[in-house]
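Scroll down for the structure; my scribbles are underneath it.
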């Protein structure tokens, strides 16, 4: 059984890439899949065949990641595509987001579930407007880890000074936005330097290759200080002869940990009880944590239904009907003041109205435009929303799952807007003093 | 200075990190429970193939100790492996499930559908499936599709909106943020739901091994009368093979997917246990669709075209 055991004992990293076609993103992704031996023979043959039909000499690795016919015809990537690959140390889900069209919407979508975001820059151009936009989105979405991949190092003679200047400028900018961890790596996706294999041209760089970093970055943090939250998805009631009184509350733990015996409160009703048992998909456990799907049994028979939130009594969020949030508008129809919408938060969907749009944010320079009146597709803005019922929301900074929501058009069901409760950006990390360093410490 | 040093040593993960199989299982269970909470009449597409078997296993776990609150739907091409039909009926019986069948043969017999010259019936499944969904008013239809199978699937949503003709329009698909799925649909429309979206073929096999899930025997190496067509080993049988210039031989083979006999190819294999199958897949250099599905080879955009028309 050694094969199965070995392959089973890995973790999963969800990450997203951002960058324009010109930055060599498709080549980087193709290189990663190719060099980690994740491209299978028939897929590579198909790419070679199409490349040859088009009169190209070498297989165009970008074809590996261009899925839809419309994209191939237009030569652009128009949507988030998911890629899967594995190394003996970890399995990866990559949300590959396009650089040009609808980039904000797609990058926000990809980043919403990512634990790491890769931002690509061309070493010849350095940090440009688009780099700053991508950094801002990673900061807004509170992606825990950001990698700056400085690509095309072969075109700047693999010079340390070029890399160091770009890394310093980016790190200063992103830290200011509150990005908690930034790792800069000099690469050449085309030549393969520092993508999977260490480069033979950059002795001055002592850090990990791109893939090594993906393999070693932590995918879970210490949950003991997190707010514990369990949105109830479904009430399990067998009502059978042998289990006439069983009532289990099924859900995926959105944050933190729960223990048997713990005093809990059910929101929005505010009723309190204790956890009498936790069923982890057929296995009784004493403790369960995010992102496990569990069924919780409670000591008292209280009225609980889908949409309720189970929280520790000592750490319950306040409920509110007034939500202020940063949103990314994702639909083609605009969001306007007075718009009547549905708001989905956790497992609860309620009626809501857009009371105000105080400002729109320009990602290029982070300037605010007061009272824009409406938000259109790919706009980022602040909104004030009044909900028909009180909701137990957290701030997005504290909890990505219970601090987020979507707005839905009640008429046609379109997903209109992605929302993050509370302040847009984290407070910047105090700038570290670099005087004790004698050079770059990668 | 300011760039952070990455830790390359082992053990950076806290005890709270889930294994990849636990993470995928939890995500799939979450999807099943969302559908149970938000839809009126969900149904699981059940072919007796390994992906649909894993889906059913996840659904059983998601609602235990209560029964699965969905019925099953089998789109029957009429070219079934007998071992698979037997497995299907035994499973339905064992778990007390309700089975719906949409029969391609019925449509051919009634003259609504015409047999294709190549004898392949996979493309004929779309109409019986769509009409069954309409007739039974199913509003959520679980499919075992995975994004790693094929390029056009790489951009598929977990909740995929279909119109009354089951058509998929890439421009109408909704962005999926966090784990907040939007299942709103108009009367007559339905949502295809893919709980295994983020699984790879290897994940499915590892999960089958971990959970001790029983599979139809055709997934394991056995001797069978086969003939070669277009580089694939097809089973000789009443469905229309072999043709005069194709010779039948007995080979040791197994199937990597289960589908219509006329276009599901076998691979040479001596893997008789799950562990051997997993070892073989881990070493394999062909995707399962590339190796075994004739219908995906029809054109480069084959899958995208069929999806638009309402295929799985």
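The values are calculated or read from the model by the stated rules, or taken from the named source; none is laboratory data. Not measured: the values here are computed from a predicted model. Cβ coordinates were reconstructed from backbone atoms using ideal geometry, including for glycine residues, and neighbour counts include every protein chain displayed.
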Report the residue count in segment A:250-269 for those that are more than 28 Å from the chain's Cα centre (by Cα) and without any contact (Cβ under 8 Å) to a residue 40 or more places away in the chain. 3
Filter segment A:160-177 for residues that are touching a helix residue (DSSP H, G or I) at 6+ places or on another chain (Cβ under 8 Å) and either more than 12 Å from chain B (Cβ to nearest Cβ) or surrounded by fewer than 21 Cβ atoms within 10 Å (Cβ to Cβ) (or both) and give the result. A:162, A:173, A:177
With the structure loaded, tell me whether residue A:411 is in contact with a strand residue (DSSP E or B) (Cβ under 6 Å, 6 or more places away or on another chain), surrounded by fewer than 17 Cβ atoms within 10 Å (Cβ to Cβ) and either facing another protein chain (nearest Cβ under 10 Å) or farther than 23 Å from residue A:139 by Cα (or both) or whether it fails that test. no
Go through segment A:82-121 residue by residue and tally those that are touching a helix residue (DSSP H, G or I) at 6+ places or on another chain (Cβ under 7 Å), within 9 Å of chain B (Cβ to nearest Cβ) and part of a helix (DSSP H, G or I). 1
Count - residues of segment A:245-295 that are out of contact with any strand residue (DSSP E or B) (no Cβ under 9 Å at 6 or more places or on another chain), assigned to a strand (DSSP E or B) and more than 22 Å from residue B:210 (Cα to Cα): 0
When you scan segment B:50-62, do you find a residue that is farther than 19 Å from residue B:129 by Cβ and at pLDDT below 95, even just one? yes
Where residue A:411 falls short, out of the listed (1) touching a residue at least 12 places away in the same chain (Cβ under 8 Å); (2) assigned to a loop (DSSP other than H, G, I, E, B): (1)
Looking only at residues in segment B:1-19 that are modelled with pLDDT of 50 or more and farther than 14 Å from residue A:10 by Cβ, which one is farthest from the other protein chains (Cβ to nearest Cβ)? B:15
Number of the condition not met by residue A:141 [criteria: (1) closer than 20 Å to residue A:23 by Cα; (2) touching a residue at least 40 places away in the same chain (Cβ under 8 Å); (3) within 11 Å of chain B (Cβ to nearest Cβ); (4) touching a helix residue (DSSP H, G or I) at 6+ places or on another chain (Cβ under 9 Å)]: (1)
Can you name the number of the only condition in (1) assigned to a loop (DSSP other than H, G, I, E, B); (2) farther than 18 Å from residue B:22 by Cβ that residue B:161 fails? (1)
Single condition residue B:106 does not satisfy, out of (1) more than 17 Å from the chain's Cα centre (by Cα); (2) under 24 Å from residue A:251 (Cα atoms): (2)
Hey, residue B:140 closer than 21 Å to residue B:57 by Cβ and away from every other protein chain (no Cβ under 12 Å) or not: yes
Within segment B:149-169, is even one residue buried (at least 23 other Cβ atoms within 10 Å of the Cβ) and under 14 Å from residue B:50 (Cβ atoms)? yes
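Have a look at A:232, A:219 and point out the one that is modelled with pLDDT under 95, within 12 Å of chain B (Cβ to nearest Cβ) and touching a strand residue (DSSP E or B) at 6+ places or on another chain (Cβ under 6 Å). Give the steps one after another, and end with the answer.
Numbers: A:232 fails: modelled with pLDDT under 95.
Result of the check over A:232, A:219: A:219.
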Kindly indicate whether any position in segment A:190-208 is out of contact with any helix residue (DSSP H, G or I) (no Cβ under 8 Å at 6 or more places or on another chain), under 20 Å from residue A:34 (Cα atoms) and without any contact (Cβ under 8 Å) to a residue 40 or more places away in the chain. yes
Of all residues making up segment B:171-207, the number that are part of a helix (DSSP H, G or I), touching a residue at least 40 places away in the same chain (Cβ under 8 Å) and within 10 Å of chain A (Cβ to nearest Cβ): 6
Among helices (runs of 4 or more DSSP H) lying entirely in segment B:20-136, which contain 2 or more residues that are within 14 Å of another protein chain (Cβ to nearest Cβ) and in contact with a strand residue (DSSP E or B) (Cβ under 7 Å, 6 or more places away or on another chain)? B:20-38, B:50-63
Do you know which residues across segment A:414-435 are closer than 23 Å to residue A:368 by Cα, assigned to a loop (DSSP other than H, G, I, E, B) and either more than 10 Å from chain B (Cβ to nearest Cβ) or modelled with pLDDT of 95 or more (or both)? A:422, A:423, A:424, A:425, A:426, A:427, A:428
Filter segment A:381-402 for residues that are away from chain B (no Cβ under 14 Å), touching a strand residue (DSSP E or B) at 6+ places or on another chain (Cβ under 6 Å) and buried (at least 17 other Cβ atoms within 10 Å of the Cβ) and give the result. A:381, A:382, A:383, A:385, A:387, A:392
